[in-house]
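Input: a single structure, listed below in structure tokens.
Just so you know, all these numbers are worked out from the coordinates, no wet-lab data involved. This structure is a prediction, so every number in the text was calculated from the model and none was measured. Using ideal geometry, Cβ is built from the backbone for each residue, glycine included, and neighbour counts are taken over all protein chains shown.
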Amino acid sequence: MTQTPKLALYLFEGCPYCERVRAAVRDLQLQVEERDVRRDAAHATDLQAATGRGTVPVLRIEEGSDTRWLPESADIVDHLYVTYGEGRSPTLLATRTIPQVAVGIAMALAVTAYFTEPPVRGWLLVVAVMIWALRDRWALVGRWIPGT
Ligand SMILES: N[C@@H](CCC(=O)N[C@@H](CS)C(=O)NCC(=O)O)C(=O)O
């Protein structure tokens, strides 16, 4: 799909918040140039100059002579769906529903573990910690899962 504004996404590999935006870009089949701030120092410098900080993701929206810089993954995802979604809602990955549910399950397991006798307690705690550790990595995993 093509669109009038030229979109560039400032990011770096392995950044979970950037993966949320990538999930939206994939879902909406948008043409967005990716600018990795860790691979190209010029992109990092441009981002710092424009936003005053190095935090990613940031979407650069160029429309004619007008350029806007949009930070915050949730705001970027909202913007993309409102502008290009044709009424569609963000996917579970783009809204971070999956990591949030994972945190909920991990906390429930941890609480359960507290009231359970060993050795079940130990195993529940291990599983809870693993789910918690993966909470923001699902977007990376989800890159290979169709329909997410
Ligand atoms: N609330 C922000 C968080 C973004 C964030 O924490 N990005 C991390 C990478 S995943 C980052 O850029 N850290 C480096 C820094 O803040 O300078 C969002 O949702 O976009």
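If you take the charge dipole of segment 6-84 about its Cα centre, with +1 on Lys and Arg Cβ and -1 on Asp and Glu Cβ, which of L28, L11, L80 is farthest toward its positive end?
Highest projection toward the positive end goes to L11.
Have a look at the chain and give its Rg and Dmax from the Cα atoms, expressed in angstrom.
Computed over the Cα atoms of the chain, radius of gyration and Dmax are 18.6, 66 Å.
Only Lys, Arg, Asp and Glu count, each charged at its Cβ (+1, +1, -1, -1), so figure out the dipole size of segment 18-66 about its Cα centre, rounded to 20 debye.
Roughly 280 debye for segment 18-66.
Check every DSSP H run in the chain and write down those whose alpha carbon atoms cover 24 angstrom or more along the long axis and whose mean Kyte-Doolittle hydropathy is 0.0 or greater.
The qualifying helices are 97-114.
Taking GluC sites (Glu not before Pro) that fall in a DSSP loop and have at most 15 other Cβ atoms within 10 Å as cut points, what is the longest piece of the chain between them?
Counting only loop sites that pass the neighbour cut-off, the longest clear stretch is 87-148.
Can you compute the equivalent ellipsoid semi-axes for segment 25-77, i.e. the square root of 5 times each eigenvalue of the Cα gyration tensor, sorted largest first and rounded to whole Å?
They are 18, 14, 12 Å, listed largest first.
What does the charge dipole of the chain about its Cα centre add up to, to the nearest 20 debye, if the Cβ of each Lys and Arg holds +1 and the Cβ of each Asp and Glu holds -1?
400
With r defined as the distance between the Cβ atoms of Q29 and E62 and R0 fixed at 22 Å, what FRET efficiency is calculated, to the nearest 0.05?
Given R0 = 22 Å and the Cβ-Cβ separation, E is 0.65.
Identify which of Y17, Y81, Y114 has the largest mean-square fluctuation in a Gaussian network model of the chain, with springs joining Cα atoms closer than 10 Å.
Y114
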